[in-house]
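Novice: The following block contains the structure, expressed as structure tokens.
The values are calculated or read from the model by the stated rules, or taken from the named source; none is laboratory data. On a predicted model such as this, the values are computed, not experimentally measured, just so you know. Heads up, the Cβs are rebuilt from the backbone with ideal geometry, glycines too, and the neighbour counts pull from every protein chain shown. Accessible surface is based on the protein model in full, side chains and every heavy atom, while ligands, DNA and RNA are left aside. Shrake-Rupley method; radii C 1.70, N 1.55, O 1.52, S 1.80 Å.
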Amino acid sequence: MSTIRGPVDVDDLGPTLMHEHVFVVNEEYRRNYPEHWDEQQRFDDAVTKLRALTDAGVRTIVDPTVLGLGRDVERVARINEQVDLHIVPATGLYTYRDLPFVFSLTGPGTMLGGEEPMTPLFVKDLTEGIAGTGIKAAFLKCAIEAHGLTEGVERVLHAVADAHAQTGAPITVHTHAESQQGLVVQRVFRERGVDLTKVVIGHSGDTTDLDYLERLIDAGSYVGMDRFGLDILLPFEQRVDTVARLCAKGYAERTVLAQDASCYIDWFPPGLPEQLQPRWNYTHIHDEVLPALRAQGVTEEDITTMLVDNPRRYFTPVA
């Protein structure tokens with residue numbers, strides 16, 4: 001499978017966090033207001049934070065940074081040269097409602113019509129490489145939020161589904177758990193012929209609704225318990241308890257873990273995330289979550305299943 005540093009065997013992924021960003025940056029803003037960005041500072045800070053991950057025992061992070069989130073695989077590659085960590089890149093598009101204007105007038109249902117222009121872009125990223133770098137994406141990423149299945153979101157889901165059909169690449173979806181948008185995603189993907197066993201319903205850990213989570217799992221998908229540290233959305237204790245209850249019901253094999261953290265995200269003023277959400281960092285799972293899960297009776301076997309076995313299965317091509 002593909003990583004920033006090149007192909008690796010899925011058996012070499014090791015302990016894997018399935019939803020972490022290196023940078024989330026508005027590149028247009030950064031380029032036009034460079035006084036708000038210090039490249040060397042951001043580089044050095046990223047190296048330090050990613051090395052802390054490896055020190056904690058993490059071997060791989062899966063980075064779902066795509067169009068709309070400021071993907072720059074060349075920057076990440078330069079950082080990765082300094083850190084012995086597998087970083088798995090993605091392709092796709094991140095929007096909660098509308099498409100970028102570059103896609104809004106062409107494609108199915110638009111003024112100019114024609115074939116969907118997003119799908120071949122995603123396929124190229126997966127099969128040839130991103131931006132002429134030769135670094136290939138290893139999975140697809142899209143999003144649906146509380147706004148639901150808008151026209152723009154539906155087009156992205158369809159484009160991702162079609163790229164999956166052409167390449168077999170697995171899919172990760174940002175979802176809004178409170179409004180149970182994961183079920184909407186599964187319905188759309190099922191209608192489009194997607195293998196739901198190759199789909200992570202991301203941010204499922206923002207809810208304690210076991211009925212909802214079990215419905216997602218029973219349909220075949222992984223549930224992403226992947227926002228540990230974001231206690232403002234759901235407290236630590238409830239996140240841990242929900243994972244422990246899933247494991248007790250035998251659902252560890254369909255559960256993956258992460259924090260949705262980043263070295264730097266420009267959505268907030270500098271320093272504010274650390275102030276408001278001090279647990280929202282790369283090592284929170286290993287520092288606090290895993291000990292808490294063990295204290296609730298989650299076995300080492302289940303922890304290995306969630307951190308090692310499931311990522312390996314997710315990225316293993318279907319025969």
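Novice: What are the residues in region 54-65 that are in contact with a Leu (Cβ under 8 Å, 6 or more places away or on another chain) and surrounded by fewer than 23 Cβ atoms within 10 Å (Cβ to Cβ), if any?
Specialist: Within region 54-65, Thr54, Val58, Arg59 meet the criteria.
Novice: Quick check on my filter: what residues within region 268-288 are under 17 Å from the mean Cα position of the chain (by Cα) and either more than 30 Å from Arg312 (Cα to Cα) or part of a loop (DSSP other than H, G, I, E, B) (or both)?
Specialist: Matches in region 268-288: Trp280, Asn281, Tyr282, Thr283.
Novice: Search region 8-36 for residues being free of Cβ contacts under 8 Å to residues at least 12 places away in the same chain and assigned to a loop (DSSP other than H, G, I, E, B), and hand back the single one that is most open to solvent (accessible area, probe 1.4 Å).
Specialist: Tyr33
Novice: What are the residues in region 236-252 that are farther than 28 Å from Phe189 by Cα and open to solvent by less than 50 Å² (accessible area, probe 1.4 Å), if any?
Specialist: First pass over region 236-252, keeping only residues farther than 28 Å from Phe189 by Cα: 236-238, 240-241, 244, 248.
Phe236, Val240, Ala244, listed by residue number.
Novice: Please verify whether region 151-161 includes one or more residues that are at pLDDT 95 or above, part of a loop (DSSP other than H, G, I, E, B), over 16 Å from Leu213 (Cβ atoms) and not β-branched (Val, Ile, Thr).
Specialist: Checked against the condition, which is being at pLDDT 95 or above, part of a loop (DSSP other than H, G, I, E, B), over 16 Å from Leu213 (Cβ atoms) and not β-branched (Val, Ile, Thr), region 151-161 yields no hits at all.
Novice: Has region 208-223 got any residue that is of a type in the set (Asp, Glu) and open to solvent by less than 20 Å² (accessible area, probe 1.4 Å)?
Specialist: No, the conditions are met nowhere in region 208-223.
Novice: Let me ask something else about it. Only one of Ile171, Ile144 is open to solvent by less than 10 Å² (accessible area, probe 1.4 Å) and within 30 Å of Gly57 (Cα to Cα). Can you tell me which? Reasoning before the result, please.
Specialist: Values: Ile144 fails: within 30 Å of Gly57 (Cα to Cα).
Step by step, each of Ile171, Ile144 is checked, and only Ile171 is open to solvent by less than 10 Å² (accessible area, probe 1.4 Å) and within 30 Å of Gly57 (Cα to Cα).
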